[in-house]
Structure formats: structure tokens, C-alpha cells
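The structure appears below as C-alpha cells.
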Amino acid sequence: MAVKPVAKRSYRLAARADATDARRRKILETAYEAFGLRRYEDVTLAEVAARAGTSERTVYRLFGTKERLLSAWLSEIGSGVGPPLDPGLRNDTKAFVRVMVAFYEDRGASILNMLAQEDAVPALRPLMEWGRNLYDEGLERGLGHLLRGFRGAARQRRRMQLVVACDVYTWKLLRHGRGLTQGETERVIEDLLNILEKAEPTP
């Protein structure tokens, strides 16, 4: 009796699906890189396709527009892009700063490029807002000990102090404006946070 090649067919279908998923992810990651390197208006679907090693027709069929590319990146890739803070990494200034600066070393230039265009390009705003929310969650988790004992307006001021100390623009100023090394940048930010830690809450 002949055996139906069900297993072989299932394998081929699974392999095809994996290849499609990998191609889709490659296109999304390539699009993010392009948007991070250049002005949004200058990036084309043809450029994204060429960078991703596929056809413009494929990119258009999967996503249609640059706006949908960004939206898909945010929903499918974005959750794995933020600073890879270990869930157990809490209330540890030194470890938080090390992870944060390493993240800026990898993604800082792209973030700054898109921030500079945010007001003029509505399509970028959801991505930037998502980034701010992720950033705020990271501060609360990694530097929660620096918020302890603060309430109301005093807590809000302290949060804004942490935002300034740890912001991508602070990293840019120290690394590129003042020419500090990565390690020196980490130490300056850590010193700022240690000063804040010693400050008593004020009304």
C-alpha cells in the first residue's frame, strides 16, 4: 500500500512559512535601519527592497506603504528592540547605566535621527511614543530605588531628573559633543544618579 507523503508536504509548507517569516522580518529590520539613517521622505520602498535583497513588488505586496512598514515593525519587531533589561535587574544604578549606554551605542544614532523628524512626520510619532513609554518603564524598573520616598510633585520632579540624566540626548552630548569614551560616559551618568540618590525629597 502506498503511503501518502503527508509528513513531507507538511515539512515543505512549514519550511515555506519559515522562509516567508524570515523574509518579512528582514524587510522590517532593513526598513527600520533605513529610516534611522536617512530622512523619512527620502526612503523608498525600492530602497528597502534592495537593502533587504528582495523585490519592490514583494515589499509592496506585504506592506503597501512606508507607514504600514513602520506600523508592522512596531507590532512585530519593536517589543524585542528595547534595552534587554533582565527582569531581575532592579534598583541597580551601575547595571542600569551599563545596559542603557550599550543600547544607545547600538541604536542611539537612529533614535536621534527619527526624533529630529518627529514633528514633521506623523508616521514616526507612534514609534517615538512607544519608545518613550518603554523608556519610562525601564526607569521605573531599573532605578526605582531613586524614586523611593518621593510623592506627588516631588516624585514627578525626580522622574524628570532621571529622564534628563539617562536620555539619549545626554548620551549624545557626552559621547559626541564632549568626546568621552563609552566607559567615561557611563561613569558620568552613574555619578549624576548617585548625587540624586543622596538628595532628600523636598515638598
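The values are calculated or read from the model by the stated rules, or taken from the named source; none is laboratory data. Remember, it's a predicted structure, so these values are computed and weren't measured experimentally. Cβ atoms come from the backbone with ideal geometry, glycine included; neighbour counts cover every protein chain shown.
Can you name every residue in region 153-197 that is closer than 20 Å to D136 by Cβ and among the small types (G, A, S)?
Hits for region 153-197 are A153, A154, A165.
Could you please let me know if S55 is surrounded by 15 or more Cβ atoms within 10 Å (Cβ to Cβ), polar (S, T, N, Q) and at pLDDT 90 or above?
No: the conditions fail for S55.
State whether one or more residues within region 148-156 are surrounded by fewer than 16 Cβ atoms within 10 Å (Cβ to Cβ), within 30 Å of R39 (Cα to Cα), outside the structural domain of L69 (by TED's automatic domain parsing) and not polar (S, T, N, Q).
no
Which numbered condition in (1) within 29 Å of E41 (Cα to Cα); (2) small (G, A, S); (3) buried (at least 18 other Cβ atoms within 10 Å of the Cβ) is the only one that G142 fails?
(1)
What are the pairs with Cβ atoms under 6 angstrom where one residue, in region 99-121, is touching a residue at least 12 places away in the same chain (Cβ under 8 Å) and surrounded by fewer than 19 Cβ atoms within 10 Å (Cβ to Cβ) and the other, located anywhere, is in a helix (DSSP H, G or I) and small (G, A, S)? Sequence gap at least six, or different chains.
Here the result reads S110/G36; N113/G36, each pair linking region 99-121 to a residue that is in a helix (DSSP H, G or I) and small (G, A, S).
With respect to G179, is the statement that it is outside any helix (DSSP H, G or I), at pLDDT 95 or above and surrounded by fewer than 18 Cβ atoms within 10 Å (Cβ to Cβ) true?
Working: outside any helix (DSSP H, G or I): yes; at pLDDT 95 or above: yes; surrounded by fewer than 18 Cβ atoms within 10 Å (Cβ to Cβ): yes.
Considered against the rule, which asks whether it is outside any helix (DSSP H, G or I), at pLDDT 95 or above and surrounded by fewer than 18 Cβ atoms within 10 Å (Cβ to Cβ), G179 comes out as yes.
Looking at E197, is it crowded, with 17+ Cβ neighbours inside 10 Å and in a helix (DSSP H, G or I)? Steps first, please.
Working: crowded, with 17+ Cβ neighbours inside 10 Å: no; in a helix (DSSP H, G or I): yes.
For E197, the condition - crowded, with 17+ Cβ neighbours inside 10 Å and in a helix (DSSP H, G or I) - is not met.
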